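Okay, so here's the structure we're looking at.
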Ligand code: ADP
Ligand code: MG
């Protein structure tokens with residue numbers, strides 16, 4: 001893991017439009033190593049689009065994103081290396097259905113990082129142990145619960161040695177009784193100092209683990225600050241109204 005206080009991402013005047021629909025408007029923030037930033041806001045406010053711009057699953061239509069001071073939009077930027085450093089965990093787990101749990105966690109290491117199968121398996125098992133899924137190493141995804149699949153997806157992302165993990169509503173597709181085990185896994189990563197950007201509707205979790213919280217509304221960050229500032233003492237009426245539906 002990188003040293004603390006290093007700026008990993010510096011987002012400058014970021015814009016994203018789909019046709020004439022301006023989805024992100026003048027987004028500015030930076031994230032330092034070790035920070036946990038939660039993105040909250042209504043459905044359609046642009047949270048997923050912002051995350052997807054950060055790992056270039058979507059190409060911004062304006063502004064810039066600096067990764068350790070280098071524009072990820074510059075010609076010649078090493079996208080493969082970058083993608084290995086910036087992991088993503090999706091709402092729908094996206095495990096490879098035809099591979100068992102262990103193989104799900106080794107395939108990227110071997111293909112993208114060039115690790116040997118043996119080394120990849122050791123690293124995968126360490127991470128599966130961390131999320132409590134080592135006993136299921138030979139199971140197929142379809143035999144696991146949603147919460148278990150999401151924990152495997154987290155172990156898979158960790159096995160790539162990411163510098164930072166992006167989470168897009170990692171618990172939204174789960175049955176309520178499985179939300180806790182995934183949030184607990186993420187809280188453990190937070191305690192270990194992993195840098196994370198988390199889109200979530202779990203307000204109590206966001207309040208407990210975040211170093212900062214950003215409230216998005218209609219494509220802009222309406223307010224951003226400590227969890228105490230944004231969740232306990234929101235400045236904007238729109239933020240208060242949104243939080244009122246959750247707290
Ligand atoms: P959130 O994650 O906050 O719910 P999204 O980032 O998914 O919001 O979407 C923000 C807006 O962008 C929505 O109006 C959505 O319809 C639009 N949008 C997202 N992706 C696309 C796309 N690929 N093409 C066209 N419009 C899109
Ligand atoms: Mg979304």
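The values are calculated or read from the model by the stated rules, or taken from the named source; none is laboratory data. Source: prediction; values computed, not measured. When we count neighbours, we look across all protein chains shown, and the Cβ atoms used for this are built from the backbone with ideal geometry, even at glycine.
Things to note:
- Tally of residues being more than 16 Å from ligand 2 (Cβ to nearest atom), under 18 Å from residue 147 (Cα atoms) and either surrounded by 22 or more Cβ atoms within 10 Å (Cβ to Cβ) or in contact (Cβ under 8 Å) with a residue 40 or more places away in the chain (or both) across the stretch 184-204: 3
- Test for residue 82: is it away from ligand 1 (no atom under 16 Å from the Cβ) and either under 28 Å from residue 5 (Cβ atoms) or without any contact (Cβ under 8 Å) to a residue 40 or more places away in the chain (or both): yes
- Boolean, residue 72 is under 19 Å from the mean Cα position of the chain (by Cα), within 23 Å of residue 28 (Cα to Cα), more than 16 Å from ligand 1 (Cβ to nearest atom) and at pLDDT 95 or above: yes
- Only one entry of 10, 26, 64 meets the criterion of being more than 16 Å from ligand 2 (Cβ to nearest atom), at negative phi, part of a strand (DSSP E or B) and surrounded by fewer than 16 Cβ atoms within 10 Å (Cβ to Cβ), and that entry is 64.
- Which numbered condition residue 58 misses (of (1) within 16 Å of ligand 1 (Cβ to nearest atom); (2) surrounded by fewer than 17 Cβ atoms within 10 Å (Cβ to Cβ); (3) more than 12 Å from the chain's Cα centre (by Cα)): (2)
- Within the set 34, 41, the sole residue that is more than 8 Å from ligand 1 (Cβ to nearest atom), on the phi > 0 side of the Ramachandran plot and surrounded by 15 or more Cβ atoms within 10 Å (Cβ to Cβ) turns out to be 34.
- Qualifying residue in the stretch 145-165 (condition: exposed (fewer than 15 other Cβ atoms within 10 Å of the Cβ), out of contact with any strand residue (DSSP E or B) (no Cβ under 9 Å at 6 or more places or on another chain) and on the phi < 0 side of the Ramachandran plot): yes
- Top-ranked residue of the stretch 225-246 - restricted to ones that are in contact (Cβ under 8 Å) with a residue 40 or more places away in the chain and surrounded by fewer than 18 Cβ atoms within 10 Å (Cβ to Cβ), ranked as nearest to residue 50 (Cα to Cα): 243
- For the stretch 188-220, a tally of residues being within 16 Å of ligand 1 (Cβ to nearest atom) and outside any strand (DSSP E or B) returns 7.
- Single match in 93, 82 (criterion: at pLDDT below 95 and crowded, with 20+ Cβ neighbours inside 10 Å): 93
- Failed condition for residue 49, given (1) within 13 Å of ligand 2 (Cβ to nearest atom); (2) under 22 Å from residue 229 (Cα atoms); (3) surrounded by 17 or more Cβ atoms within 10 Å (Cβ to Cβ): (2)
- Qualifying residue in the stretch 42-56 (condition: in a strand (DSSP E or B) and either touching a helix residue (DSSP H, G or I) at 6+ places or on another chain (Cβ under 9 Å) or without any contact (Cβ under 8 Å) to a residue 12 or more places away in the chain (or both)): no
- Within the set 241, 223, the sole residue that is closer than 29 Å to residue 17 by Cα and assigned to a strand (DSSP E or B) turns out to be 223.
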